[in-house]
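The values are calculated or read from the model by the stated rules, or taken from the named source; none is laboratory data. All values reported here derive from a predicted model rather than from experimental measurement. With ideal geometry, Cβ positions are generated from the backbone for all residues, glycine too; neighbour counts draw on all protein chains shown.
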Amino acid sequence: MRKLVKWFIASFLALSVLVGCEESSQVEKPVQMEESEAPTAVKHDIDDVVIIKEAVHKEGITPNGEKVIYVYEAPVILVDKPGAQKINNYFQALVSDLEARVDNGQLMPVKVEAKAYLNDGILSLVMDVHKTGSEGIYAVNYQLEKDQELSTKELLEKYQFEPQRLITEITRQKELNESKPEEERDFFSIDYFVDTIITNSEEFPSQAEYVKRLDEILQKPKEEKEDFVMENIDKIKAYMNSDAHFVFIHRGALEDVELVVQ
């Protein structure tokens, strides 16, 4: 009887060891699979990849004798790669041009603001020159992992952005503006976007040729102008803000304006 009990205990212990080994083998499998998976893309913190640098900060005298302080900012990508350096040179060239004009006594903006946003490894850099005329808002999108600039077309395709969403927001903004008291209204029209596309996509031998081309489109019905904007949306500068919403830059009555599309 004692031999039978001892045999039973020994058999039970042996079975327990086998079960324990089997369970241990099952637990290790997921760990082994995780270790063999391809590494995920490196996650970046925006403070590690870009800074807003005060490129120019000095006193000056405007042509009318007014004393002012010029404060210019520029975004700088903290990546030592050719694509990043090309973009840095682009913004630095803008600042250098403005600074040269100030030195030549031209009336230039006293403030140039820069901002940067990071979404899914895409760095959006913006420099806003507060002045009417030829200056405006400049934006560049940069893909960190590939060290390359993204065009508006590439950015919109990456997120499968439907052009109709821009038209919907333009219509909404127009209706919102028209609902305000007359003294508070700011003229807003899809014509601004038509103007932006023509300006960004075509070069004209003279101002008269530019006006002629613009009038050709502006004389068309509203629906045709909307189609024109949707078909040429990639000619409008765009970037992504901190809420991951698309921001389109268009010509306004006096200066460039940003339109956020959620």
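Listed values, structure above:
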{"quantity": "Matching residues in the range 48-89 - criterion: being surrounded by 17 or more Cβ atoms within 10 Å (Cβ to Cβ), over 14 Å from residue 114 (Cβ atoms) and among the polar types (S, T, N, Q)", "calculated": "none"}
{"quantity": "Looking only at the range 60-116, and only at residues there that are in contact with a Phe, Trp or Tyr (Cβ under 7 Å, 6 or more places away or on another chain) and part of a strand (DSSP E or B), the one that is nearest to residue 46 (Cα to Cα)", "calculated": "77"}
{"quantity": "Filter result for residue 159 (surrounded by 19 or more Cβ atoms within 10 Å (Cβ to Cβ) and touching a strand residue (DSSP E or B) at 6+ places or on another chain (Cβ under 9 Å))", "calculated": "no"}
{"quantity": "Residue selected from the range 240-258 under the condition in a strand (DSSP E or B) and crowded, with 19+ Cβ neighbours inside 10 Å, by the criterion farthest from the chain's Cα centre (by Cα)", "calculated": "250"}
{"quantity": "Any hit, the range 114-122, residues being at pLDDT 95 or above, closer than 21 Å to residue 235 by Cα and touching a Pro at 6+ places or on another chain (Cβ under 8 Å)", "calculated": "no"}
{"quantity": "Test: residue in the range 195-207 that is within 19 Å of residue 251 (Cα to Cα), in contact (Cβ under 8 Å) with a residue 60 or more places away in the chain and of a type outside the set (Phe, Trp, Tyr)", "calculated": "no"}
